[in-house]
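J.: Before I ask anything, here is the structure I am working with.
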Amino acid sequence: MSIANNLQSIKSQLPTNVTLVAVSKTKPVSDLMEAYNAGQRIFGENKIQEMTEKHQQMPKDIYWHMIGHVQSNKVKYMIPYVKLIHGVDSLKLLKEINRQAVRWRKNVDCLLQIHIAEEETKFGLDENELSDIINSDEFKSFQNIKVIGLMGMATFTDNQHQIKREFEHLKSIFDKLSKQPTTQNLQPTTLSMGMSGDYQLAIECGSTMVRIGSSIFGIR
């Protein structure tokens, strides 16, 4: 199956309220252009340098999503063009994103990353840390960022019951967040969870954005 056929097959299975992020990390520009020519406009990368190089070479109507762990000192390189930053896991990082967004006179959308997996290696906030951030005076003072939702990654396991439990946990946190009064900085509408191996289960559990790589571009 070609990249275009893979894309068509996946999109035909997605509900209209679910956004597809084509995870293109490590893939050559020629592969991304095949997806682009098949109509895909949202691409997810996990390294800022690689994403920036691709942005420079590719059409400018692409929405670039930063889906990997972000180091504060690299933020400045992507702010001019990035559409959505998925893995925001600290107030310090939000502060730097806001600082660079002010510098570029831009408003930047972010997702706060929640730790739902059993693996210690995955980044993210717990529910108390999330609450501390969004209720802090510092967060409320940021002028150029908007938290539009949450993201999370389930444990890498074949145990579907465990994955479902983790997705449902994230959805419950998202639902509580959605009941908060919306502000300039907090307008939660997006729940990003689900990848190639578990996106259908994630959608069943309430995901509105899925990050799919190998099912589109093939195994890395």
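J.: Among all residue pairs at least 6 apart or on different chains, which show Cβ distances below 9 Å where the first residue, located in the range 188-205, is within 12 Å of Gln160 (Cα to Cα) and the second is basic (Lys, Arg) and in a strand (DSSP E or B)?
T.: Here the result reads Tyr199/Arg211, each pair linking the range 188-205 to a residue that is basic (Lys, Arg) and in a strand (DSSP E or B).
J.: Quick check on Lys92: is it in a loop (DSSP other than H, G, I, E, B) and at pLDDT 95 or above?
T.: Criteria not met by Lys92.
Okay, residues lined up against (1) crowded, with 19+ Cβ neighbours inside 10 Å; (2) among the polar types (S, T, N, Q); (3) touching a strand residue (DSSP E or B) at 6+ places or on another chain (Cβ under 9 Å); (4) more than 19 Å from Thr190 (Cα to Cα):
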site: Val75; (1), (2), (3), (4): yes, no, yes, yes
site: Tyr81; (1), (2), (3), (4): no, no, yes, yes
site: Leu84; (1), (2), (3), (4): yes, no, yes, no
site: Asp89; (1), (2), (3), (4): yes, no, yes, no
site: Leu111; (1), (2), (3), (4): yes, no, yes, no
site: Leu130; (1), (2), (3), (4): yes, no, yes, no
site: Thr155; (1), (2), (3), (4): no, yes, no, yes
site: Ile163; (1), (2), (3), (4): yes, no, no, yes
site: Glu168; (1), (2), (3), (4): no, no, no, no
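J.: I would also like to ask the following. For the range 135-145, how many residues meet the condition of being surrounded by fewer than 19 Cβ atoms within 10 Å (Cβ to Cβ) and within 20 Å of Val102 (Cα to Cα)?
T.: Going through the range 135-145 one residue at a time, the tally reaches 6.
J.: Filter the range 33-42 for residues that are of a type in the set (A, V, I, L, M, F, W, C) and touching a helix residue (DSSP H, G or I) at 6+ places or on another chain (Cβ under 6 Å); which is surrounded by the most Cβ atoms within 10 Å (Cβ to Cβ)?
T.: Once the filter is applied, the top-ranked residue is Ala35.
J.: So which strands (runs of 3 or more DSSP E) are wholly in the range 100-192 and hold at least 3 residues that are of a type in the set (Phe, Trp, Tyr) and touching a Lys or Arg at 6+ places or on another chain (Cβ under 8 Å)?
T.: The strands (runs of 3 or more DSSP E) meeting that bar number zero.
J.: Give me a count of the residues in the range 43-70 that are in contact with a helix residue (DSSP H, G or I) (Cβ under 8 Å, 6 or more places away or on another chain) and farther than 21 Å from Val29 by Cβ.
T.: Total meeting the criteria: 1.
J.: Do we have Asp175 as out of contact with any helix residue (DSSP H, G or I) (no Cβ under 9 Å at 6 or more places or on another chain), closer than 21 Å to Lys92 by Cα, exposed (fewer than 14 other Cβ atoms within 10 Å of the Cβ) and at pLDDT 95 or above here?
T.: No, not satisfied.
J.: Select from the range 17-32 the residues that are surrounded by fewer than 16 Cβ atoms within 10 Å (Cβ to Cβ) and free of Cβ contacts under 8 Å to residues at least 60 places away in the same chain and list them in ascending order.
T.: Once the filter is applied, which keeps residues that are surrounded by fewer than 16 Cβ atoms within 10 Å (Cβ to Cβ) and free of Cβ contacts under 8 Å to residues at least 60 places away in the same chain, the range 17-32 yields Pro28, Val29, Ser30.
J.: Further question on the same structure: Where the second residue is aromatic (Phe, Trp, Tyr) and surrounded by 14 or more Cβ atoms within 10 Å (Cβ to Cβ) and the first is assigned to a helix (DSSP H, G or I) and lies in the range 53-78, which pairs have Cβ atoms under 7 Å and are six or more apart or on separate chains?
T.: His55/Trp64; His55/Tyr81
J.: Among (1) surrounded by 15 or more Cβ atoms within 10 Å (Cβ to Cβ); (2) at pLDDT below 95, where does Leu14 come up short?
T.: Result: Leu14 fails condition (2) only.
J.: Now for a different question. Considering only the range 91-107, state which residues are closer than 30 Å to Phe156 by Cα and either touching a Leu at 6+ places or on another chain (Cβ under 8 Å) or surrounded by fewer than 21 Cβ atoms within 10 Å (Cβ to Cβ) (or both).
T.: Residues satisfying the conditions are Leu91, Lys92, Leu93.
J.: If you go through the range 1-19 one residue at a time, do you hit one that is within 16 Å of Met209 (Cβ to Cβ) and in contact with a Lys or Arg (Cβ under 8 Å, 6 or more places away or on another chain)?
T.: no
J.: Give the residue, chosen from Leu20, Leu84, that is within 25 Å of Gly149 (Cβ to Cβ), modelled with pLDDT of 95 or more and out of contact with any His (no Cβ under 6 Å at 6 or more places or on another chain).
T.: Leu20
The values are calculated or read from the model by the stated rules, or taken from the named source; none is laboratory data. Just so it is clear, the model here is predicted, and its values are computed rather than measured. Note that we place each Cβ from the backbone using ideal geometry, even for glycine, and neighbour counts take in every protein chain shown.
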